[in-house]
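Undergrad: Structure below; questions to follow.
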Amino acid sequence: TRLLVLNGPNLNLLGKREPGIYGQGTLKDAVDLVKETAEEHEAEADAYQSNHEGDLVDAIQQAEGKYDGIIFNPAAYTHTSIALRDAISAVDVPVVEVHISNVHQRESFRQHSMLAPVCKGQVVGLGLIGYRLAALALLESFEGRR
Ligand code: DQA
């Protein structure tokens, strides 16, 4: 079993980016949480981050046949990207959407996700642990649990 942790724009700056909203944890911390969760289930995880929408589209397309599930924080593209939504719809790989912050407590433009309707589910507002919870949901679903 192989998971892909995919992160969108500005998430490379986690740890120093608006720590009052996103906390002190780094992108590596988020990725490590998924890798540890995968290991606990005898699975593996790879990680990719890009600030470029098309690169994220490519990563989703290339996940087909290679990954069993994607943990995806699309960052600002969540709220705008028809291209990412179409990419998720085009592949037969379950995607769990993750947001570190509680987008529902923030600006109104963050409260709509273009991607949520084509994702398996969402984890929102729980900080970096959301990456672990998303991984756990995917891994347990593969094992036939709820
Ligand atoms: C985010 C929320 C988005 O609205 C924002 O653009 C981000 C991060 C989050 O993880 O809370 O870059 O996806």
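Undergrad: If I ask for residues that are closer than 18 Å to ALA76 by Cβ and in a loop (DSSP other than H, G, I, E, B), which ones from the range 1-14 would you list?
TA: GLY8, PRO9, ASN10, LEU14
Undergrad: Please enumerate the residues belonging to the range 83-136 that are free of Cβ contacts under 8 Å to residues at least 40 places away in the same chain, in contact with a strand residue (DSSP E or B) (Cβ under 9 Å, 6 or more places away or on another chain) and hydroxyl-bearing (Ser, Thr, Tyr).
TA: SER113
Undergrad: For residues in the range 114-129 being assigned to a helix (DSSP H, G or I) and among the aliphatic types (A, V, I, L, M), which is farthest from the ligand (Cβ to nearest atom)?
TA: Top of the filtered list is VAL118.
The rows are residues; the columns are (1) assigned to a strand (DSSP E or B); (2) in contact with an Asp or Glu (Cβ under 8 Å, 6 or more places away or on another chain); (3) closer than 18 Å to ARG17 by Cα.
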| position | (1), (2), (3) |
| --- | --- |
| PHE72 | yes, yes, no |
| SER101 | no, no, yes |
| HIS104 | no, no, no |
| HIS112 | no, no, no |
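Undergrad: ASP58: over 16 Å from ARG132 (Cβ atoms) and surrounded by 15 or more Cβ atoms within 10 Å (Cβ to Cβ), yes or no?
TA: So ASP58 does not fit the description; no.
Undergrad: If you don't mind, another one. Would you confirm, using the coordinates I've provided, whether LEU3 is buried (at least 20 other Cβ atoms within 10 Å of the Cβ), closer than 30 Å to GLU143 by Cβ and within 14 Å of the ligand (Cβ to nearest atom)?
TA: Taking the combined requirement at face value, the residue does not satisfy it.
Undergrad: Find the residue count for the range 33-54, including only residues that are in a helix (DSSP H, G or I) and within 16 Å of the ligand (Cβ to nearest atom).
TA: Adding up the residues that qualify gives 3.
Undergrad: Scan the range 130-146 residue by residue and report those that are surrounded by fewer than 14 Cβ atoms within 10 Å (Cβ to Cβ) and either outside any helix (DSSP H, G or I) or of a type in the set (A, V, I, L, M, F, W, C) (or both).
TA: GLU143, GLY144, ARG145, ARG146
Undergrad: So which residues in the range 74-99 are more than 14 Å from the ligand (Cβ to nearest atom) and assigned to a loop (DSSP other than H, G, I, E, B)?
TA: Those that are more than 14 Å from the ligand (Cβ to nearest atom) and assigned to a loop (DSSP other than H, G, I, E, B): VAL91, ASP92, VAL93, PRO94.
Only the coordinates and a few stated rules stand behind these numbers; no lab work does. As the structure is a prediction and not an experimental result, all values here were calculated from the model. Note that we place each Cβ from the backbone using ideal geometry, even for glycine, and neighbour counts take in every protein chain shown.
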